[in-house]
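Below: the structure, in structure tokens.
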Amino acid sequence: MARYEIFVTYKNGIFDPPGATAERALANLGYEGVESVQIGKYIRLAGDVDLATVTEVCEKLLANPVIEDFRVETVEEA
Amino acid sequence: MPLNDLAPELAPTLAVELGLKLDEYEKVVGILGRTPSVTELYMYSLMWSEHCSYKHSRKALRMFPTEGEHVLQGPGENAGVISVGDGWAVAFKMESHNHPSAIEPYQGAATGVGGIIRDIFTMGARPIASLDSLRFGTLDKPRQRYLFEGSVAGIGGYGNCLGVPTVGGEVYFEEAYEGNCLINAMSIGLMREEKLMRAIAAGPGNLVLLIGSTTGRDGIGGASVLASQEFDERAEDKRPAVQVGDPFEEKLLIEACLELLDEGLLVGLGDLGAAGLTSSASEMASRGGVGLDIDVTKIPARELEMKPFEFMVSESQERMLAVVEPGKLQEAIAVCTKWGLRSTVIGSVTDTGRFVVRQGGDIVADMPAATLAHDAPIYDPAMERPAYLDELQAFDAFAELDLPEDPERLSEVLLGLLASPNICSRQWIWQQYDHQVMLNSVVLPGSDAAVLRIGDTGRGEMTNRAIAASSDCNGRYCYLDPYTGAQIAFAEAARNVACSGGEPAAITDCLNFGNPEKPEVFWTFHESIRGLSDACKAFGVPVISGNVSFYNESFGSPIYPTPTVGLVGLLDHVDQHCTAAFKDEGDVIVLVGETLPELGGSEYLKVEHETVAGMPPAIDLELERDVQRAVIAGIRGGLVKSAHDCSEGGIAVAIAESCVAGDLGADVHLDDELHPVASLFSETQSRIVATVAESDAEAFIESLVTAGVPYSVIGTVEGDSLQIEDRLSVTLDEMREAFLPTLEQLVHGGTTVSTEELFEG
């Protein structure tokens, strides 16, 4: 069985409301050194599937390719 | 020097790339007396784009009547406003977000809702309801299902987070919209009359305050790039223009802005929509006859190294522009801070009439403010009646088709129509919308029009008044005859409101058409405006706001002409409302109006014969008005227990819908001399199916005789099936099964598809 880790983030230049909210909240809490926060999704997927299939699944369901980028990492079995 | 950062020999090329025509560029040079800077060229290209300047449509729009007894604010502001009695007023407007939604349906539709809601609270009104008018291709295509599902989710997501109910709308599925969906969002807001605010900058020395989100590169050039050019396969390259909405920020903006206005802290307020800061600031300045001086380095940026022109044209969402007297600045900032909103002084009002943009110490743009908003060239596009109309209109269903007469077949046809995506229950859509938040929704989605009580829930200011609202347009009729089709769009919206007990008060419109530079397209536009104007005049109902969306084409062919009408009507007393559902066994069913053999452009032809042809139903506006008035009087007099308009699918579908809504059957005798298909499925206008208690039947009929409108008593509400003479017989269960689940099945019942199909198909 193969294991994958998938990271989904907004594309550059696309507004990230949760990130912007966290940024502001941190500033309100006094963490003035924080300049930017971006929030995305982290997905773990396991099964009898190859990398190409996982990529297809990302394009089709797990990410919205119009506004999001994704990166798939294969997890080496220990 | 920044003002001459553009080489004179390169400027025309950039101008054309930005969408200006060469003679428009020459006009800019004439105004400035020099080569424009990069920032200036961007600003002119956006403000002079079709979307912002209405350069092709402005002359035709002058046909609209814009004044009436209720009107407090007509077209030209962010939204129109009418008085609804007892010192209350409602602001409303409809706007398109077609092209952004075709790229990213969820965010496109969501930001469409957000944008129109900002137009409403900019006027000082609290948004109280949204309606959404949608058009897609047919749902057998995966890409269309994706667009439909995404748009509905986006409307629901944004509206639900915001706490503004989505109470109505419409959706059609036609091949003509396959490459170019339509997302028309309408918002209605409520205020006290004296709170009416205008987006105007005044008082040299006053400060310009930017409130809300940071400014990024999102939506750069959205208005000109997306809304003013035809769509084709290069659409994918335009993706960076996608804006992402933040409804929680918008909710804070609503509360902060209404408080700022309530406290009298602002001189003027405008929202940043298409063309961003450029549009909002130049319009406010030109309305006030003043100048503005803005420094882009003061604008809170979301991204690094943004250029001055990017600040000026960014369409980042959830931002407002306010003009404040220096003495009230601290108080105004305190209100924004209280609501957790950023507010930054980015410039000031001047008495020079010039719009000056600075980047720190450098001036990067300097032009007469009024020329941006008002000096765009006005065109008189060529018009030509499309050649295809003769052949289409000549089609005669009765002569050319074999129409069924067998009762079993006709029963099947009725069930087929009830299951048609254009007729079936919209429950799957509105179940996703919060339609009751704020507690003022009296008639919920699913009936003819939404009815909303007037009052400020939670502040103890409730009234017995109500408004009814509906949005309508049958694009097929407009395709076959735009003049008649546009009149019907108005008539149907008014009829829906009348069936709910509302007297039509004013309309907004969203005029969706193809490329106006094509004479055949412009002819359909002109005819539609003429039709809509004539209908408004016949009813004494003004147009108080609206929006034109051109260039709705894909691969060279235009959409159906689609002049969507959003109509608001008034009820003196909220209890005097009515719904489409049959109420009690034994009630008498009366058809107000009469049926003619009119199958042109009907859903019957489309579903049964895959044909879109013929003349659309004729419309007699005087008869229409009399029919509506008679039914409104019957509702107000407490006689009418249910009222439902006959539209797509004809009287058989109208009665079936009232049966399903009321969970009751009906025994009907149409007793006309028409071919059964014409009798059952003709889409003749000016017809309303009403029910009255048996004891009230005589009084109601007398009132119809007095009103001089045609009518016939066609049956009684009874049993658990719909029986129409010997022509047709279906059970309630059969009707429910056909009518209720269709949309959900079409969306979710599809087979799995490849990514390629989803994004290219």
Subject >> Residues located in segment B:524-557, provided they are more than 25 Å from B:GLU384 (Cα to Cα), among the aliphatic types (A, V, I, L, M) and crowded, with 20+ Cβ neighbours inside 10 Å >> reply: B:VAL541, B:VAL543, B:ILE544
**OP:** Take B:ILE488 and decide whether it is surrounded by fewer than 24 Cβ atoms within 10 Å (Cβ to Cβ) and touching a Phe, Trp or Tyr at 6+ places or on another chain (Cβ under 7 Å).
**Re:** no
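Keeping to segment A:1-59, report how many residues are assigned to a strand (DSSP E or B), among the β-branched types (Val, Ile, Thr) and either within 30 Å of B:LYS307 (Cα to Cα) or facing chain B (nearest Cβ under 9 Å) (or both).
Of the residues in segment A:1-59, 2 are assigned to a strand (DSSP E or B), among the β-branched types (Val, Ile, Thr) and either within 30 Å of B:LYS307 (Cα to Cα) or facing chain B (nearest Cβ under 9 Å) (or both).
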**OP:** Give the residue, chosen from B:ALA690, B:ALA707, B:ALA678, that is touching a helix residue (DSSP H, G or I) at 6+ places or on another chain (Cβ under 9 Å), surrounded by fewer than 17 Cβ atoms within 10 Å (Cβ to Cβ) and modelled with pLDDT of 95 or more.
**Re:** B:ALA707
Original post:
Consider B:SER447 against the criteria (1) open to solvent by 10 Å² or more (accessible area, probe 1.4 Å); (2) under 30 Å from B:ARG385 (Cα atoms); (3) among the polar types (S, T, N, Q): it satisfies all of them except one. Which criterion is unmet?
Top reply: (2)
Original post:
Given the conditions (1) on the phi < 0 side of the Ramachandran plot; (2) at pLDDT below 95; (3) surrounded by fewer than 18 Cβ atoms within 10 Å (Cβ to Cβ), which single one is not true for B:LEU439?
Top reply: (1)
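Residue by residue, here is whether (1) open to solvent by 10 Å² or more (accessible area, probe 1.4 Å); (2) in contact with a Gly (Cβ under 6 Å, 6 or more places away or on another chain) holds:
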residue	(1), (2)
B:TRP428	yes, no
B:GLN431	yes, no
B:HIS435	yes, no
B:VAL451	no, no
B:ALA469	no, no
B:TYR479	yes, no
B:ALA493	no, no
B:VAL497	no, yes
B:LEU511	no, no
Original post:
What residue, among those in segment A:1-44 that are touching a residue at least 12 places away in the same chain (Cβ under 8 Å) and touching a helix residue (DSSP H, G or I) at 6+ places or on another chain (Cβ under 7 Å), is most open to solvent (accessible area, probe 1.4 Å)?
Top reply: A:GLN38
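When you go through B:ALA373, B:ALA397 one by one, which is the residue that is open to solvent by less than 30 Å² (accessible area, probe 1.4 Å) and under 30 Å from B:ASP351 (Cα atoms)?
So the residue among B:ALA373, B:ALA397 that is open to solvent by less than 30 Å² (accessible area, probe 1.4 Å) and under 30 Å from B:ASP351 (Cα atoms) is B:ALA373.
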**OP:** Just one of (1) within 14 Å of chain A (Cβ to nearest Cβ); (2) more than 29 Å from the chain's Cα centre (by Cα); (3) open to solvent by less than 30 Å² (accessible area, probe 1.4 Å) trips up B:TRP339, so point out which.
**Re:** (3)
**OP:** Tell me which residues, restricted to segment B:104-137, are within 20 Å of B:VAL747 (Cβ to Cβ), assigned to a loop (DSSP other than H, G, I, E, B) and touching a helix residue (DSSP H, G or I) at 6+ places or on another chain (Cβ under 6 Å).
**Re:** B:GLY137
**OP:** Kindly check whether there is at least one residue in segment B:236-245 that is more than 14 Å from every other protein chain (Cβ to nearest Cβ), at pLDDT 85 or above and either at negative phi or open to solvent by less than 10 Å² (accessible area, probe 1.4 Å) (or both).
**Re:** no
Original post:
Can you pull out the residues in segment B:1-55 that are among the aliphatic types (A, V, I, L, M), touching a residue at least 60 places away in the same chain (Cβ under 8 Å) and open to solvent by 10 Å² or more (accessible area, probe 1.4 Å)?
Top reply: B:MET1, B:LEU3, B:LEU18, B:ILE31, B:LEU32, B:VAL38
Original post:
So B:VAL437 fits all but one of (1) touching a Cys at 6+ places or on another chain (Cβ under 8 Å); (2) farther than 30 Å from B:PRO386 by Cα; what number is the exception?
Top reply: (1)
Subject >> Elements of type helices (runs of 4 or more DSSP H) contained in segment B:346-458, each with 2 or more residues being among the small types (Gly, Ala, Ser) and closer than 24 Å to B:TYR479 by Cα >> reply: B:397-400
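Table: residues versus (1) within 26 Å of the chain's Cα centre (by Cα); (2) open to solvent by 10 Å² or more (accessible area, probe 1.4 Å).
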residue: B:THR564; (1), (2): yes, no
residue: B:ASP572; (1), (2): yes, yes
residue: B:ASP575; (1), (2): no, yes
residue: B:THR579; (1), (2): yes, yes
residue: B:ASP587; (1), (2): no, no
residue: B:VAL590; (1), (2): no, no
residue: B:THR595; (1), (2): no, yes
residue: B:GLY601; (1), (2): yes, no
residue: B:LEU605; (1), (2): no, no
**OP:** State which residue is most open to solvent (accessible area, probe 1.4 Å) when the search covers only segment B:159-200 and only residues that are under 22 Å from B:LEU266 (Cβ atoms), assigned to a strand (DSSP E or B) and not hydrophobic (A, V, I, L, M, F, W, C).
**Re:** B:ARG192
Original post:
If only one of B:GLU683, B:GLU648, B:GLU702, B:GLU624 is of a type outside the set (Val, Ile, Thr) and open to solvent by 40 Å² or more (accessible area, probe 1.4 Å), which one is it?
Top reply: B:GLU702
**OP:** Would you check if B:SER101 is assigned to a strand (DSSP E or B), closer than 21 Å to B:VAL565 by Cα and among the small types (Gly, Ala, Ser)?
**Re:** no
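Does B:TYR388 fit the bill of being free of Cβ contacts under 8 Å to residues at least 60 places away in the same chain and either open to solvent by less than 80 Å² (accessible area, probe 1.4 Å) or among the hydroxyl-bearing types (Ser, Thr, Tyr) (or both)?
Criteria met by B:TYR388.
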**OP:** Scan segment B:281-296 residue by residue and report those that are touching a strand residue (DSSP E or B) at 6+ places or on another chain (Cβ under 6 Å) and open to solvent by 10 Å² or more (accessible area, probe 1.4 Å).
**Re:** B:VAL290, B:ASP293, B:ASP295
**OP:** Inspect segment A:64-72 for any residue being out of contact with any Pro (no Cβ under 7 Å at 6 or more places or on another chain), open to solvent by 60 Å² or more (accessible area, probe 1.4 Å) and free of Cβ contacts under 8 Å to residues at least 60 places away in the same chain and give the result as yes or no.
**Re:** no
Subject >> Scan of segment B:284-334 for residues that are of a type in the set (Lys, Arg) and either within 17 Å of B:ILE200 (Cβ to Cβ) or assigned to a helix (DSSP H, G or I) (or both), ordered by number >> reply: B:ARG287, B:LYS298, B:LYS328
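The values are calculated or read from the model by the stated rules, or taken from the named source; none is laboratory data. All figures in this text were calculated on a predicted structure; none of them were measured in a lab. When we count neighbours, we look across all protein chains shown, and the Cβ atoms used for this are built from the backbone with ideal geometry, even at glycine. Heavy atoms of the whole protein, side chains included, go into the accessibility calculation; ligands, DNA and RNA do not. Shrake-Rupley method; radii C 1.70, N 1.55, O 1.52, S 1.80 Å.
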